[in-house]
Amino acid sequence: MPKFRFETAEFDQTTISEEELAGPELASPRAIEKAHAALVAGALTGLDQSGSVIRVYDEAGYLVATVNFSDVVREKTENRPVGSLPTEEPGVLRSG
């Protein structure tokens, strides 16, 4: 299975993790799950992470998904089904 790099930018810090996913179409839903988990953890400590973002890159370094935490917060408050939030079309960006 291909590996994907998840870069979570929170405040002035970037955290990087890698996961194997069956394909790039699963990158956005997985990033949304990670954003939900981070928001719940932040809420327990009183952190407002609504300005954070997760970018997902494939093995070649191309951006395949971007999830803004503010969209995840909005999805939750509007009671939309999980995964229905808009994600940015990455175009042909490459990680440096």
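Here Val64 meets the list (1) out of contact with any Pro (no Cβ under 6 Å at 6 or more places or on another chain); (2) crowded, with 20+ Cβ neighbours inside 10 Å; (3) closer than 11 Å to Phe4 by Cβ almost entirely, failing just condition (1).
Pairs meeting the criteria (first residue in the range 9-32 and aliphatic (A, V, I, L, M), second residue open to solvent by 40 Å² or more (accessible area, probe 1.4 Å) and part of a helix (DSSP H, G or I), beta carbons under 9 Å, at least 6 apart or on different chains) are Leu21/Arg30.
Residue-by-condition table, conditions (1) surrounded by fewer than 19 Cβ atoms within 10 Å (Cβ to Cβ); (2) at pLDDT 85 or above:
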site: Thr8; (1), (2): no, yes
site: Gln13; (1), (2): yes, yes
site: Glu18; (1), (2): yes, yes
site: Ala22; (1), (2): yes, yes
site: Ala41; (1), (2): yes, yes
site: Gly46; (1), (2): yes, no
site: Glu59; (1), (2): yes, yes
site: Ser95; (1), (2): yes, no
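In the set (1) part of a loop (DSSP other than H, G, I, E, B); (2) farther than 14 Å from Arg5 by Cβ, Ser70 fails one condition alone, (1).
The values are calculated or read from the model by the stated rules, or taken from the named source; none is laboratory data. Because the structure is predicted, anything quoted here is derived from the model rather than measured. Positions of Cβ are backbone-derived with ideal geometry, glycine not excepted, and every protein chain shown enters the neighbour counts. Ligands, DNA and RNA are stripped out before the accessible areas are found, and what is left, the full protein with its side chains, is counted by its heavy atoms. Shrake-Rupley method; radii C 1.70, N 1.55, O 1.52, S 1.80 Å.
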